[in-house]
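Here the structure is laid out as C-alpha cells; the discussion comes afterwards.
The values are calculated or read from the model by the stated rules, or taken from the named source; none is laboratory data. Please read these numbers as outputs of a predicted model, since none were measured by experiment. Calculation scope for accessible area: heavy atoms of the full protein, side chains included, ligands and nucleic acids excluded. Shrake-Rupley method; radii C 1.70, N 1.55, O 1.52, S 1.80 Å.
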Amino acid sequence: MLETWVVAPTCLPVVLRRCHACASDRFRANGKFRVNAHHKLIDAWLLVLCTRCGETAKLTVLERTNVRSVRPALLARLHDNDPVLAAELLQDPALRRRNRIALDWTDAWHLDTGGSDHADLDREVIDVTVRFAARIPVRPVRLIAEGRGLTRAEVERLIEEGNLVSATRLTGKQSDDFTFTLKH
C-alpha cells in the first residue's frame, strides 16, 4: 500500500542574521514590505523584526530596478504586503545569498500523514512517498519517526537492519520529495 505524507509550512521561518542593535541572531518576518521609488527606479525590501529588541532590518528584494521591468502583479503584491510573496521570497536562494541570511524552520512546519493511524503496523511492506510543500530541510529519520510513531533510535535501527530502505540517503537533511519502504 502506498501512503503519501506532506511536509507543509505552518508559518514563516525564523531568519538568521545578526542584529546590529542587540547582537541577537533571530528575526521574524511578518510579511511586510517597504517600496521606495526614485523617478524611474524602484527599491523594495522585506522587513524583518529582531525577536529580542524589535529592531527592523530590511532584506533587499529589488535594488535600483527600472520600474518598467517589474511585473505589475509583483508590484501590486509588494504594495499589498502579501504574506505568500514573503514566503516565496524567503525560499529564493538568490535572495538569501544576496542578503547573507539563513532560515531556521524549527516549529514552522508539520507533517500530514493523510490521517493514517498506526493500525497498519502489522502489514508486511509499507511504501511511503514524502512530498514537500516548501523547501524545508528536515531529517528523514525524524519524519519517519514522527509519521510512524517510532523513536529516532528505532528508525535508525530499522535502517541498519535493512528493513527501512530508500533510493534517497536517509541520513542528513532532505528538502526534496523522496520515497521509502518499511518492511516488518
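Annotations for the structure displayed:
- If you filter the stretch 121-154 down to residues that are among the basic types (K, R) and within 30 Å of C11 (Cα to Cα), you find that the one that is nearest to the chain's Cα centre (by Cα) is R135.
- Single residue of the stretch 155-184 satisfying the filter (part of a helix (DSSP H, G or I) and farther than 26 Å from D104 by Cα) that is nearest to the chain's Cα centre (by Cα): I159
- Of the strands (runs of 3 or more DSSP E) lying entirely inside the stretch 1-112, those containing at least 2 residues that are among the charged types (D, E, K, R) and open to solvent by 70 Å² or more (accessible area, probe 1.4 Å) span 26-38, 56-66.
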